[in-house]
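S.K.: Sharing a structure below in structure tokens format, with a few things to ask.
The values are calculated or read from the model by the stated rules, or taken from the named source; none is laboratory data. A quick note: this is a predicted structure, and the numbers were derived from the prediction, not measured. Cβ coordinates were reconstructed from backbone atoms using ideal geometry, including for glycine residues, and neighbour counts include every protein chain displayed. When the accessible area is computed, the model is the full protein with side chains, heavy atoms only, and any ligands, DNA or RNA have been set aside. Shrake-Rupley method; radii C 1.70, N 1.55, O 1.52, S 1.80 Å.
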Amino acid sequence: MNGALELDALNAAEPGAFAAALAPLFEGAPRFLARLAAGRPDADWPGLFARARAIAHVMPELEQVELIDAHPRLGAPPGTVSTLSFREQGYDRGATRGDVADELLHDLNARYEARFGFRYCVHVAGRPRATLVPKMTAALDADREPELHRALDAVVDIALARLLVLQGPAT
């Protein structure tokens with residue numbers, strides 16, 4: 001496992017080092033990571049992620065949107081996404097852009113962001129983009145507040161899944 005992701009070391013790290021170590025899990029989101037760093041120490045990973053979820057839901061809306069928008073759009077060009085998002089969106093397995101699903105996602109992203117003021121965020125987990133379209137389409141009919149909180153939960157779920165990938169199968 002990556003030494004930078006050992007919880008005892010993270011608890012003892014300076015706030016900036018803590019934020020830098022967890023940045024890949026949360027796509028950077030500086031104000032959120034500063035809040036997460038300020039609340040240490042954490043006894044275990046489930047506690048850290050429970051605290052992350054609680055912070056995400058109570059911080060000011062501007063920071064909530066910053067946290068969500070740190071994630072790339074679904075179907076974003078491969079050269080514009082983080083290494084972990086690259087894998088999650090399937091680019092490492094030969095997923096290509098330019099199909100009907102990508103065109104539809106581009107339109108849905110624009111409509112979603114115009115309606116809600118933040119990006120659609122969901123744990124892709126390697127699923128083909130075409131399978132994400134129905135839920136994204138349905139989300140356009142949701143009320144803003146529940147959709148904001150669904151997206152915040154997705155951010156934390158993504159971060160937890162990323163940690164498990166980085167820690168490897170022995171964890």
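S.K.: So, of the residues in the stretch 125-152 that are touching a Phe, Trp or Tyr at 6+ places or on another chain (Cβ under 8 Å) and in a helix (DSSP H, G or I), which turns out to be nearest to Ala76 (Cα to Cα)?
M.R.: The initial filter retains those residues of the stretch 125-152 that are touching a Phe, Trp or Tyr at 6+ places or on another chain (Cβ under 8 Å), namely 136, 139-140, 144, 147-148, 151.
Retained after the next criterion (residues that are in a helix (DSSP H, G or I)): 136, 139, 144, 147-148, 151.
Numbers: Met136: 15, Ala139: 19, Arg144: 23, Glu147: 21, Leu148: 21, Ala151: 17 Å.
Selected residue: Met136.
S.K.: Which of the residues spanning the stretch 43-56 are over 14 Å from the mean Cα position of the chain (by Cα) and in a helix (DSSP H, G or I)?
M.R.: The initial filter retains those residues of the stretch 43-56 that are over 14 Å from the mean Cα position of the chain (by Cα), namely 43-48, 50-51, 54-55.
Matches in the stretch 43-56: Trp45, Pro46, Gly47, Leu48, Ala50, Arg51, Ala54, Ile55.
S.K.: Also, I was wondering about something else. Residue check, Ile68 against (1) over 23 Å from Val133 (Cα atoms); (2) in contact (Cβ under 8 Å) with a residue 60 or more places away in the chain; (3) open to solvent by less than 10 Å² (accessible area, probe 1.4 Å), all met but one. Which one?
M.R.: (1)
S.K.: Now for a different question. Identify the residue in the stretch 64-79 that is of a type in the set (A, V, I, L, M) and modelled with pLDDT of 90 or more and, among all such residues, is farthest from Leu22 (Cα to Cα). Working first, answer last.
M.R.: As a first pass, look at the stretch 64-79 and keep what is of a type in the set (A, V, I, L, M): 65, 67-68, 70, 74, 76.
Add one more test, that the residue is modelled with pLDDT of 90 or more, and what stays is 65, 67-68, 70.
On the way: Val65: 18, Leu67: 13, Ile68: 15, Ala70: 13 Å.
If we take residues in the stretch 64-79 being of a type in the set (A, V, I, L, M) and modelled with pLDDT of 90 or more, then Val65 is farthest from Leu22 (Cα to Cα).
S.K.: To continue, here is another question. Out of Glu27, Glu63, Glu6, which single residue is acidic (Asp, Glu), surrounded by fewer than 19 Cβ atoms within 10 Å (Cβ to Cβ) and under 23 Å from Pro146 (Cα atoms)? Break it down into steps so the answer makes sense when it comes.
M.R.: Details: Glu27 fails: surrounded by fewer than 19 Cβ atoms within 10 Å (Cβ to Cβ); Glu6 fails: under 23 Å from Pro146 (Cα atoms).
Exactly one residue qualifies, and that residue is Glu63.
S.K.: Given the residues Arg40, Arg35, which is the only one that is basic (Lys, Arg) and either open to solvent by less than 50 Å² (accessible area, probe 1.4 Å) or outside any helix (DSSP H, G or I) (or both)? Give the derivation first.
M.R.: Working: Arg35 fails: either open to solvent by less than 50 Å² (accessible area, probe 1.4 Å) or outside any helix (DSSP H, G or I) (or both).
Of the residues listed, the single one that is basic (Lys, Arg) and either open to solvent by less than 50 Å² (accessible area, probe 1.4 Å) or outside any helix (DSSP H, G or I) (or both) is Arg40.
S.K.: Being of a type in the set (Gly, Ala, Ser) and over 20 Å from Val122 (Cα atoms) narrows it down to one residue among Ala50, Ala29, Ala54, Ala21; which is it? Spell out the reasoning first.
M.R.: Values: Ala50 fails: over 20 Å from Val122 (Cα atoms); Ala29 fails: over 20 Å from Val122 (Cα atoms); Ala54 fails: over 20 Å from Val122 (Cα atoms).
Every option except Ala21 fails the conditions.
S.K.: If you don't mind, there's one more thing I want to ask. Looking only at the stretch 152-171, which residues are surrounded by 15 or more Cβ atoms within 10 Å (Cβ to Cβ) and small (Gly, Ala, Ser)?
M.R.: Ala154, Ala159, Ala161
S.K.: State which residue pairs qualify: first residue touching a residue at least 12 places away in the same chain (Cβ under 8 Å) and under 16 Å from Ala125 (Cα atoms) and inside the stretch 143-162, second residue open to solvent by 10 Å² or more (accessible area, probe 1.4 Å) and of a type in the set (Val, Ile, Thr) in any location, beta carbons under 6 Å apart, and separation of 6 or more residues or different chains.
M.R.: Qualifying pairs under 6 Å: Ala154/Val122.
S.K.: Suppose we filter the stretch 80-124 for residues that are β-branched (Val, Ile, Thr), at pLDDT 85 or above and either part of a helix (DSSP H, G or I) or open to solvent by 70 Å² or more (accessible area, probe 1.4 Å) (or both); how many remain?
M.R.: The qualifying residues number 2.
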